[in-house]
1. Could you name the aspartates and glutamates whose alpha carbon sits less than 15 Å from that of residue 223, not counting residues in the same chain fewer than 8 places away?
2. Which FRET efficiency value, to the nearest 0.05, is calculated for residue 87 and residue 229 with the Förster distance at 45 angstrom and r the Cβ-Cβ distance?
3. Under 19 Å Cα to Cα from residue 183, which lysines show up? Leave out anything in the same chain fewer than 8 places away.
4. Using a probe radius of 1.4 Å on heavy atoms only, what accessible surface per residue do you get for region 164-208? Whole Å² is fine.
5. Multiplying the sequence separation of residue 117 and residue 148 by 0.36 nm and subtracting their Cα-Cα distance, what value in nm do you get?
6. Considering only protein heavy atoms, what per residue accessible area in square angstrom results for region 70-159 with a 1.4 angstrom probe?
7. At 4 °C and 1.567 mPa s, grab the translational diffusion coefficient of region 13-240 from Stokes-Einstein with a Kirkwood Rh over Cα pairs, rounded to a whole number in µm² per second.
8. For the residue pair residue 237 and residue 44, what label-to-label distance in nm results when each label sits 7 Å from Cα along the Cα-to-beta-carbon direction?
Amino acid sequence: MSRKEPSLDPLLAGAYAPSMSRRAFVRSATIGTVVIALGGAGYCLASEEEEKKARATKRPDGRPRLPPGQHLLSRIRPMGGVEGDPSPGGWRLSVSGEVEQPFTLDMAELLKMTQVEQTCDVHCVTKWTVLDAKWTGVKLADLAARAKLKPSARHVIFEAHGGYTANVRLTEALDPSVMLAHKYEGQPLARAHGAPARIIVPDLYFWKSAKWITGVRFVTSDKPGYWETRGYHNHADPWKEERYG
Ligand SMILES: Nc1nc2c(c(=O)[nH]1)N[C@H]1C(S)=C(S)[C@@H](COP(=O)(O)O)O[C@H]1N2
Ligand SMILES: [Mo]
């Protein structure tokens, strides 16, 4: 199949490849955190030691800590997208679809729900991974329970500002690791990272983790989302390298 691969990362096509050799150079020349600035979007490489250790480590479920083809960053990197209004006061989330009690939630109501603090790894299809990212928010399963999910639901569509969507199988979306987060590393989400609230689906490539989230829709039949209809894999398992569809 001849296909032009759309890139999730405008840096991937041009600046990223040269940055790999630059990275090797920087690593041999420096000790400690390396911050690379490309067109204003800075990111932090983890040390070679950390990366080596991650490669040698397994998760409790037996899968390697660093999925194949990934390298380590020490903080998540802003990957762009159509930013929504970051003010918590203006934010609303609609929970709809295959539920008995659809509802709309504002930030005050979200904060009244059971808050969880979760440390997890995230994996971007552009090949960076961040270990032990700390998120605060509510479990997606709690939102589903509040809406009284119907047995007919099979998939979840995350809907975000500007028409971005991402689809996830219900069984995976209800995993306790999946959450609606409003804090990263103890701080309110930065605007570039989805303020005031985003989804986190740690065990699928990070494009499934919709930023500037406006809706959670439970559906009976699957509907490929923004990247899934642009050449990326419908499922997006980082350990199977489900990058392209
Ligand atoms: N609403 C919205 N969410 C989005 C995106 C987007 O363009 N719009 N990009 C996705 C992609 S491709 C990735 S890798 C992650 C990046 O999140 P970050 O910018 O916080 O690192 O957000 C995902 N969520
Ligand atoms: Mo991405």
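The values are calculated or read from the model by the stated rules, or taken from the named source; none is laboratory data. As the structure is a prediction and not an experimental result, all values here were calculated from the model. Positions of Cβ are generated from backbone atoms using ideal geometry, with glycine treated the same way; all protein chains shown enter the neighbour counts. What goes into the accessible areas is simple: the full protein's heavy atoms, side chains included, and nothing from ligands, DNA or RNA. Shrake-Rupley method; radii C 1.70, N 1.55, O 1.52, S 1.80 Å.
1. Of all the aspartates and glutamates, those that pass the test against residue 223 - Cα under 15 Å, at least 8 places apart if same chain - are 98, 159.
2. 0.90
3. Result set, ordered by chain and number: 112, 134, 139, 208, 211.
4. Computed with neighbouring chains in place, this is 31 Å² per residue.
5. 8.8 nm
6. About 43 Å² of surface per residue is accessible.
7. 71 µm²/s
8. According to this spin-label approximation, the distance is 3.2 nm.
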